[in-house]
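Written out below as structure tokens is the structure these notes cover.
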């Protein structure tokens, strides 16, 4: 679940990343008791709940002093209004005060006495809460990040107008934690117990010190174990490439990383036929990262996806997979994600064919349509109920996930991109020809002595046939593989015979238009 904590009231930070009160649920969603009830009902239905949390920053809870005529401010006039950017330059900025409910810094930027409520702001919708976070030393106060790849700027700077929290300093092995980091640990330990949560998705891990992340992970895991939640799951949003993600996981003890760098793009382009399948499948051959010929790390250490709520990789031109008329092939993207290595994550709405897209500053709002509509529904989702259990994408995906749930091979097996042939003489991996790949793309999952073959068809105009290689050590000539799933239901139950051609074990399969088949 995206963040549900109380947001600043004067901005439309409905996405949940502009926290004003870490101990309250935003009233747009309901109350703390409503969250507890949601988790209870989820658990009754066999669903675990992982909550997205923010450690790196608060919302826009204070304002810098723009009356300070420092040349360090970058100012420009937009629609007649002067806008100033206190850019990061490794120095502190003067703060005008904590913001009130109108976003005006009328409240003193001073430390409140946690034991004396008379020193607290009287309006709980203003400033920042709990009161321990009202200490100026809780914030780095170094202005906006301009270069998101410059260290220490991306660790110390504000994430746009979201205010960076100071966690401590030092190397990971002897990290000196701040009081603020310890308060954050207590806040989220509270939520584990109060709402009976099962895990956290930790936002913007790249922007935190490794020592801070390690300390928080240890504090949360140990606390969860102390209340018999031995498998409490912590997944980190770690940008900066797979190597960086691997290193941070190894250093911090996080359970998994979000695969938000090259995985989504290569998955999307492969299904749309604009990149070669080998580019996607080679992402999971991680021997360079872990110094051994194994891809098991990706099986349970990386959360894979294609659509997501940020799409950082697309700059200011955001678009869901299905945008631009790709609703016919979005099911294949969902199936590929579910049936290849990694922990598959389905971003809500993809299974309904949501096709939001937009350009410009803040374009990620176009990716955040409302599933259940209402007066606040974004764009075409306003006043509409968009959760359709008769949607063909939703129904087909439900079948595939049910098969995955019953198959250890599909959940845990190694994977291999398979060669294909059209004439039985020339074999090779599927690839782009003439600028577009319209082909059967097959891969195997193997666990011990069992093999399952899956294939998609990137051609959205016609079915495709191909001879497909399978593991010659696991099959004999004359063996039969059975179709256990196809987007053309008439194929289910069909048997194909294993033949050997020049030492290769092969089967002849047909994949429906923009469709998927599974044989075992």
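Every number here is computed from the coordinates shown, using simple stated rules; none is lab data. No experiment lies behind these values; they were computed from the predicted model shown. We place every Cβ from the backbone using ideal geometry, glycine too, and count neighbours over all the protein chains shown.
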As a test of the formula, what do you get for the chain when each DSSP H run with n ≥ 4 contributes -39,500 (n - 2.57) and the sum is divided by the residue count, at 222 nm and rounded to the nearest 500 deg cm²/dmol? -6500 deg cm²/dmol
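If neighbour count is taken as other Cβ atoms inside 10 Å, put 25, 61 in order from fewest to most.
Least to most surrounded, the residues fall as 25, 61.
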Here the alpha-carbon Rg of the range 173-321 over 2.2 N^0.38 Å rounds to 1.16
How tilted is helix 32-44 with respect to the longest principal axis of the chain? Cα atoms for both, answer in degrees (0 to 90, nearest 10). 20 degrees
Using the alpha carbons of the range 444-518, what is the convex hull volume per residue in cubic angstrom, as a whole number? 80 Å³
Please work out the FRET efficiency for the pair residue 169 and residue 472, using the Cβ-Cβ distance as r and a Förster radius of 56 Å; give the result to the nearest 0.05. 0.45
Between 0 and 90 degrees, rounded to the nearest ten: what's the tilt of helix 392-406 against the longest Cα principal axis of the chain? 80 degrees
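How high is the FRET efficiency from residue 460 to residue 160, r the C-beta distance, R0 35 Å, rounded to 0.05? Please list the in-between numbers first.
Details: r = 39 Å, r/R0 = 1.11.
Given R0 = 35 Å and the Cβ-Cβ separation, E is 0.35.
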Taking a crude spin-label model, label points 7 Å out from Cα along the C-beta direction, the residue 448 to residue 247 distance in nm is 3.9 nm
What is the angle, in °, between the Cα long axis of helix 262-271 and the longest principal axis of the Cα atoms in the chain? Nearest 10 is fine, range 0 to 90. 40 degrees
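Want the number for residue 228 to residue 436: 0.36 nm per residue separation, take away the alpha-carbon distance, what's left? Could the numbers behind the result be given before it?
Details: separation 208, 0.36 × 208 = 74.88 nm, distance 5.28 nm.
Full-extension gain reported as 69.6 nm.
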Computed over the Cα atoms of the chain, the Rg and Dmax in Å are 25.6, 86
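Ranked from highest to lowest mean number of other Cβ atoms within 10 Å per residue, what is the order of the peptides 301-310, 104-113?
Put in order of decreasing packing, that is 301-310, 104-113.
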Relative contact order for the chain, counting Cα pairs under 8 Å that sit 6 or more residues apart, in percent: 8 percent
In nm, give the distance between the simple-model label positions of residue 391 and residue 423, each being 7 Å from the Cα along the Cα-to-Cβ direction. 4.4 nm
Taking the alpha-carbon centre of each part, the distance from the range 447-520 to the range 216-277 in Å is 32 Å
Just need the Rg to Rh number for the range 270-406, please, alpha carbons only, Kirkwood Rh. 1.01
Sorted from fewest to most neighbouring beta carbons within 10 Å, what does the list 123, 68 look like? 123, 68
The chain: antiparallel DSSP beta bridges as a percent of all, rounded to 5: 75 percent
Return the FRET efficiency for the residue pair residue 412, residue 500: r is the Cβ-Cβ distance, R0 is 25 Å, and the value is rounded to the nearest 0.05. 0.30
Once you keep just the Cα pairs under 8 angstrom separated by 6 or more residues, what percentage relative contact order results for the range 270-406? 21 percent
Three-way shape call for the range 97-177 based on the alpha-carbon gyration tensor, with the a/c threshold at 1.5: oblate
Specify whether the C-alpha gyration tensor of the range 49-187 places it in the rounded, prolate or oblate class, a ≥ b ≥ c being the square roots of the eigenvalues: rounded for a/c under 1.5, otherwise prolate if a/b is larger than b/c and oblate if not. oblate
